[in-house]
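Before any comments, here is the structure.
Read-outs throughout are calculated quantities, based only on the coordinates presented, and are distinct from any laboratory measurement. Not measured: the values here are computed from a predicted model. Glycine gets a Cβ as well: all are built from the backbone with ideal geometry, and neighbour counts include every protein chain shown.
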Ligand SMILES: O=C(CO)COP(=O)(O)O
Ligand SMILES: [Zn+2]
């Protein structure tokens, strides 16, 4: 896909996430890797009303080269895209159930959402590291997210929300949706003796689809 088509797709998927309640107000941001840099949603923009022509463009050195002023979370996106050379896009949301899990007093460090269903394992993977709270836009979060992203497709920012990568923008969006549904299941089943997938079943999924 060329850059104009990716801009259109970004606006279309942003609107789709917004319309279905995965993002409210001006929460969340999305980035896409390009051959000559990155596209990033503008700061304070609503994912439901992105103008393809005004989406921010950053050069390969992450400097702002076009469009509106980029998201304040450039450091968050840079952390993931530099740690994961295979990742083509990053979606950050404040989706309700994943964020709720990130607000638990003890969400756990690496597996705040258990492997309840195959698609969670296939889309998000084995681990979901929890990153300690940082103020939105704080450049200090970059090293923690970078380190965790070397081995995890997605991380959960405590008291803030998920950050999910994918090979393509469509993959990253699908993984963010799957993560939210799994968080919802995990909270629905909280306190109920649920059956999770076994380590062997998780291995089988990752060997087959990973
Ligand atoms: O989700 C957000 C902050 O974490 C939204 O910030 P931006 O509007 O700067 O992208
Ligand atoms: Zn945020």
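Determine the percent antiparallel among the DSSP beta bridges restricted to the chain, to the nearest 5. Kindly include the intermediate steps, with their values, before the conclusion.
Numbers: 23 of 25 bridges.
Around 90 percent antiparallel, to the nearest 5.
Could you give the angle, 0 to 90 degrees to the nearest 10, between helix 3-19's Cα long axis and the longest principal axis of the Cα atoms of the chain?
50 degrees
Starting with the fewest neighbours, write out 164, 65, 155 ranked by other beta-carbon atoms found within 10 Å of each beta-carbon.
Numbers: 164 32, 65 14, 155 25.
The most exposed by this proxy come first: 65, 155, 164.
Which residue fluctuates most in the GNM of the chain (Cα springs below 10 Å): 73, 178, 147?
147
Test of understanding: ordering 160, 92, 146, 64 by Cβ neighbours within 10 Å, fewest first, what list do you get? Mind dumping the intermediate values first?
On the way: 160 23, 92 27, 146 18, 64 15.
Ranking 160, 92, 146, 64 by Cβ neighbours within 10 Å, fewest first, gives 64, 146, 160, 92.
Report, to the nearest 10°, how far helix 199-209 tilts away from the longest principal axis of the Cα atoms in the chain, using its own Cα long axis and a range of 0 to 90°.
Between helix and principal axis, roughly 30 degrees.
Expressed in nm to one decimal, what extension gain is obtained for the pair residue 63 and residue 133 from 0.36 nm per residue of sequence separation less their Cα-Cα distance?
Working: separation 70, 0.36 × 70 = 25.20 nm, distance 2.60 nm.
Result: 22.6 nm gained on full extension.
Just grab the label-to-label distance for residue 96 and residue 204, each label 7 Å out from Cα along the Cβ direction, in nm (one decimal).
3.5 nm
Between segment 1-42 and segment 54-109, how many Å separate their Cα centres?
Going from one Cα centre to the other spans 11 Å.
For a quick check: sort 144, 86 by the number of other beta carbons within 10 angstrom, fewest at the front. Don't skip to the end; give the middle numbers.
Details: 144 16, 86 9.
Going from least to most buried by this count: 86, 144.
As I understand it, the value is the acute angle between the Cα axis of helix 169-188 and the longest principal axis of the Cα atoms of the chain; what does it come to in degrees, rounded to 10?
Relative to the chain, helix 169-188 is tipped by roughly 40 degrees.
Between residue 192 and residue 140, how many nm apart are label points set 7 Å from Cα along the C-beta direction?
Label at residue 192, label at residue 140, 4.1 nm between them.
Mind checking which of 134, 22, 38 has the largest fluctuation in a GNM of the chain, springs on alpha carbons under 10 Å?
134
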